[in-house]
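A.B. asks: Below are the structure tokens for one structure; questions will follow.
All of the numbers you see were taken from the coordinates with simple rules; none came from a lab. What you see is a predicted model, and the numbers here were worked out from it, not measured in a lab. A quick note on method: Cβ atoms are made from the backbone with ideal geometry, for glycine too, and the neighbour counts reach across all protein chains shown.
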């Protein structure tokens, strides 16, 4: 805990400031030191990792369409993408051939687990909004 | 940890089930053990490492925890939640 933070907490403990004021001061302190290490050399605070992917389908106020609310754990996505490594060689050749025929010159064998991990990690910032005349679809991580 | 329970809620007609998955896993365990040799043979035929396949399948099973599916279509609605 750094010195300024401790001072704020001391002031709160002695009743010099209210809890709201303490919260505001701590927030201001955090803004002043973005990404800075604490006085004790601790790691910079990182953004909380998303744990779920949420898919929401809502009607556009007409009340006719279905409402869908799906929450998928990120861990399930991680495990799911690892299934790609179980694709047998001959099946992979077929898939690669089909992809090439459809104008996607991509080799599935090039996908490595570490690449997939990186892709999943980047999903944290993913937000997809589809606004149709009947339904509204939102995909985001939380 | 593998999921231990699941809630299924259906509206119209209104039903709610609480499924103790840990009992389902216990019931399926002997079947899984019986099918294990077949699984290993199948993996060897398609040239996939059976241990890796098992580890991935177990990973998927454990990752199911927290899955939540709710579909609401007019008078009908279904909710499936895995705990």
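A.B. asks: Average partner chain C-beta neighbours within 10 Å, per residue of B:70-83?
C.D. replies: 3
A.B. asks: Sticking with this one: More than 17 Å apart: what percent of Cα pairs in region B:12-82 qualify?
C.D. replies: 62
A.B. asks: While we're looking at this one, here's another question. Go ahead and run the numbers for FRET between residue B:28 and residue B:78, Cβ-Cβ distance against an R0 of 22 Å, rounding to 0.05.
C.D. replies: E(calc), rounded to 0.05, equals 0.40.
A.B. asks: For A:53, A:81, B:78, what's the fewest-to-most ordering of other Cβ within 10 Å of each Cβ?
C.D. replies: Fewest-to-most ranking of A:53, A:81, B:78: B:78, A:81, A:53.
A.B. asks: From other protein chains only, count the Cβ atoms within 10 Å of every residue's Cβ in A:84-92, then give the mean.
C.D. replies: Per residue, the number of nearby Cβ atoms from other chains is 3 on average.
A.B. asks: By count of other Cβ within 10 Å, fewest leading, how are A:27, B:77 ordered?
C.D. replies: Ordered from fewest to most neighbouring Cβ atoms within 10 Å, A:27, B:77 come out as A:27, B:77.
A.B. asks: Now, a different point. Taking 25 Å as R0, compute the FRET efficiency from the Cβ-Cβ separation of residue A:69 and residue B:4 and round it to 0.05.
C.D. replies: Once the sixth-power term is evaluated, E becomes 0.65.
A.B. asks: Please compute, over every Cα-Cα pair in the protein assembly as shown, the percentage with a separation greater than 24 angstrom.
C.D. replies: Tail of P(r) above 24 Å: 68 percent of Cα pairs.
A.B. asks: Taking only Cα atoms, what is the 0 to 90° angle, nearest 10, from helix B:21-45's long axis to the longest principal axis of chain B?
C.D. replies: Tilt of helix B:21-45: around 40 degrees.
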